[in-house]
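Encoded as structure tokens, the structure appears first; notes follow it.
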Amino acid sequence: MRLTIIKRKYCFYFIALIGIVFIGVISSKWIPPGIDWNTAFRPAVLELLSGRSPYNIEGFFNPPWALLPLIPFALLPENIGRVLLIFTALAACIYIGYRMGGNKWSVLAVLLSPPLIHGILNSNVDWLALLGVVMPPQIGLFFVSIKPQIGIAVILFWLVECWRKGGITEIVRVYLPFSLVSVLSLILFGLWPLRSFVEIHLWWNASLWPISLPVGLVLLVTAVRKQDLRFAMGASPCFSPYILFHSWIVVLYALIRSTPETIAAVIGLWLVVIIRFLGI
């Protein structure tokens, strides 16, 4: 009986996967192009697969390992790959919301929030960075570092937690793989992290730096004192001189366990969008 249930379960998943692919192929004709996918991530993946540096692509600034999960999507026709990427991102966002302690109302509120919609439509990879916060640190480090605007304070928080747990031995155990891969990426691709500094003065920069710096420090100290990752998530955007509007989604996920606060934040963000639209 148990084996039959398992077979039915996987049969359902397989049929659902086929259905998603079919819907993706059909709907790809009407989905508008995603700027980040079309101009940065997909071309960077194709450059990497061709044996060249992904940093030949002008709009790509992320760590090279950010491209690995995107390879299956980039190999498909452009629009089909993007639609399937949207489905995957939405599924990941729902999964992250429940893993962070959200309920159906707070998760729905985040799904309807301006930052998430903005990120999905542009086909950015904030969802990949957010996946890192619900993973073990050894693996999560590779994901949260994809977007330092989302993960920088989380990386510092995990460092302190490793020290608490086992001192320098635990730090080495958790951080050594990430450190080695980071050094290898610098050897292969040069000082790629410096490329991001050119974006600081762009008009679409939504950073509150440096006014946000004291807020970030308070949140990070609170995270360490309370041993609560959520405060570190809220601190990360405050430390970044450059952040796009959609990367503020990390703050909503930090709140998602508290439904009234999450809904209030989403309403506030929609008010910001309306005020900006009206030019008030």
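Here is a check on your reading of the model: is V110 closer than 20 Å to A265 by Cβ, crowded, with 20+ Cβ neighbours inside 10 Å and of a type in the set (A, V, I, L, M, F, W, C)? Here the answer is yes, as V110 does meet what is asked.
Every residue, every condition in (1) out of contact with any Lys or Arg (no Cβ under 7 Å at 6 or more places or on another chain); (2) buried (at least 18 other Cβ atoms within 10 Å of the Cβ); (3) at pLDDT 85 or above, yes or no:
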| site | (1), (2), (3) |
| --- | --- |
| S196 | yes, no, no |
| T222 | yes, no, yes |
| D228 | yes, no, yes |
| S236 | yes, yes, yes |
| F245 | yes, yes, yes |
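Quickly run through the range 254-268 and pick out the residues that are buried (at least 18 other Cβ atoms within 10 Å of the Cβ), among the aliphatic types (A, V, I, L, M) and in a helix (DSSP H, G or I). Scanning the range 254-268 gives A254, L255, I263, A265, V266.
Please go through (1) under 17 Å from the mean Cα position of the chain (by Cα); (2) among the aliphatic types (A, V, I, L, M); (3) at pLDDT 95 or above for L85 and return the number of the only condition it doesn't satisfy. Condition (3) is where L85 drops out.
For the range 96-107, taking the residues that are touching a residue at least 24 places away in the same chain (Cβ under 8 Å), closer than 20 Å to G151 by Cα and surrounded by fewer than 19 Cβ atoms within 10 Å (Cβ to Cβ), the one that is farthest from the chain's Cα centre (by Cα) is identified as G101.
Of all residues in the range 130-175, those being crowded, with 23+ Cβ neighbours inside 10 Å, among the β-branched types (V, I, T) and without any contact (Cβ under 8 Å) to a residue 40 or more places away in the chain number 1.
Restricted to the range 53-75, and to residues that are over 13 Å from D36 (Cα atoms) and outside any helix (DSSP H, G or I), which residue is least open to solvent (accessible area, probe 1.4 Å)? The extreme case among them is P63.
The values are calculated or read from the model by the stated rules, or taken from the named source; none is laboratory data. Just so it is clear, the structure is predicted and the values come from calculations on it, not from any experiment. Using ideal geometry, Cβ is built from the backbone for each residue, glycine included, and neighbour counts are taken over all protein chains shown. Ligands, DNA and RNA are stripped out before the accessible areas are found, and what is left, the full protein with its side chains, is counted by its heavy atoms. Shrake-Rupley method; radii C 1.70, N 1.55, O 1.52, S 1.80 Å.
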